[in-house]
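Pasting a structure below so you can have a look.
The values are calculated or read from the model by the stated rules, or taken from the named source; none is laboratory data. Computed from a prediction, not measured in an experiment: that's the story for all the values here. Cβ placement follows ideal geometry from the backbone for every residue including glycine, while neighbour counts extend to all protein chains displayed. Each accessible area value is taken on the protein alone, full model and side chains, heavy atoms only, with ligands, DNA and RNA left out. Shrake-Rupley method; radii C 1.70, N 1.55, O 1.52, S 1.80 Å.
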Amino acid sequence: MSSRLEEQLRADIVEAGRRMNARGYVASNDGNISTRLDEGRLLTTPKSVPKGFMTPDMMVIVDYEGRKLVGDRDPSSELLMHLEVYKHRPDVNAVVHAHPPIATGFAVAGIPLTRAVLAEVVTTLGSIPIAEYATPSTAELPAAVRKYIKAHDGMLLANHGAVTCGKDVMAAYYKMETIEHFAKISLVARLLGRENLISREEVERLQGLRGMYGIASPAPLCADPSDLASGEDFLCQVLEAPESATERLVPDVDSVLRTASRDGEIRLTYGELTALIADAVKNLRD
Ligand SMILES: [Zn+2]
């Protein structure tokens, strides 16, 4: 006999799977979801099942070593990655993995979502890095995720997809929605040719508001990202947010210049041009 809590968790996983499918975050049998049942057990999705068409009885109960305890089916092949998240995040009760196409496009292009452009994302997820490429379903993937999971609630997986975690199944699922939505907006802004970034001062102000909304994570910004040794696990976040004492939004002129071809025409607004000149003058003085 399963408890009321277990029944609710089974229903939550079914619902999150249904939404992942409805939003096109998965194809075929892709994706997996898990949640803590108690200190010794996890509830997780079965392998080889389309996640939009699951029923509560399909779920598998495993221990924190990944051994199956209850269930007619076998657990997902990405269970190792989920176990890694639970191991390093005692504050987290659920993990969601999917292949949302636009976020995964960024993961394929090797472009992390680490720019401060949307206040909502700065407040909830902060920076969304890319875990380095690992063969799916092997021990390589948990190792790649380990590097970022202590300081991030969501990350892209190079040439694969994305993974998120949260206090419960729906919280983890909503972070997946936020990542895909953010990726979509970033793509449009880049197609339009420019992005205004939120200044570091404003990012700090936004992070200060988190307590008010009851948001505990993500981790603080790294004071000096260059201090991080390459093999080290991240305990802070790297977020592209330029310093500006006067402006809360700062034109990302560098990216406009970077993407312009040598002989091509670039267009700068008056504000961008003056910011560029002010920056050049400042560099001369320094
Ligand atoms: Zn996958």
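Considering only the stretch 73-90, I want to know if a residue exists there that is under 14 Å from the mean Cα position of the chain (by Cα) and open to solvent by less than 10 Å² (accessible area, probe 1.4 Å).
Among the residues of the stretch 73-90, at least one is under 14 Å from the mean Cα position of the chain (by Cα) and open to solvent by less than 10 Å² (accessible area, probe 1.4 Å), which makes the answer yes.
Report yes if VAL169 is modelled with pLDDT under 95 and either crowded, with 18+ Cβ neighbours inside 10 Å or within 24 Å of LEU79 (Cβ to Cβ) (or both), otherwise no.
No.
Is it true that SER77 is within 16 Å of the ligand (Cβ to nearest atom) and assigned to a loop (DSSP other than H, G, I, E, B)?
Taking the combined requirement at face value, the residue satisfies it.
Determine whether the stretch 173-182 contains at least one residue that is more than 24 Å from ASN21 (Cβ to Cβ) and aliphatic (A, V, I, L, M).
Looking for residues that are more than 24 Å from ASN21 (Cβ to Cβ) and aliphatic (A, V, I, L, M), one finds none in the stretch 173-182, hence no.
Are any residues in the stretch 161-186 of a type in the set (Phe, Trp, Tyr) and free of Cβ contacts under 8 Å to residues at least 40 places away in the same chain, and if so, which ones?
Within the stretch 161-186, just TYR174 meets the criteria.
Right, here's the next one. Restricting the first residue to the stretch 97-114 and requiring it to be touching a residue at least 12 places away in the same chain (Cβ under 8 Å), which pairs with a second residue that is buried (at least 17 other Cβ atoms within 10 Å of the Cβ) and polar (S, T, N, Q) meet a Cβ separation below 7 Å and a spacing of at least six or different chains?
HIS97/ASN32; LEU113/SER186; THR114/SER127
Kindly list, by first and then second residue, each pair from a residue in the stretch 230-251 that is at negative phi to a residue that is part of a loop (DSSP other than H, G, I, E, B) and loosely packed, with under 11 Cβ neighbours inside 10 Å, limited to pairs with Cβ atoms under 8 Å and residues at least 6 apart or on different chains.
Qualifying pairs under 8 Å: CYS236/ALA223.
Considering each of ALA131, ALA158, ALA151 in turn, give the residue that is modelled with pLDDT under 95, open to solvent by less than 50 Å² (accessible area, probe 1.4 Å) and of a type outside the set (D, E, K, R).
Of ALA131, ALA158, ALA151, the one residue that is modelled with pLDDT under 95, open to solvent by less than 50 Å² (accessible area, probe 1.4 Å) and of a type outside the set (D, E, K, R) is ALA151.
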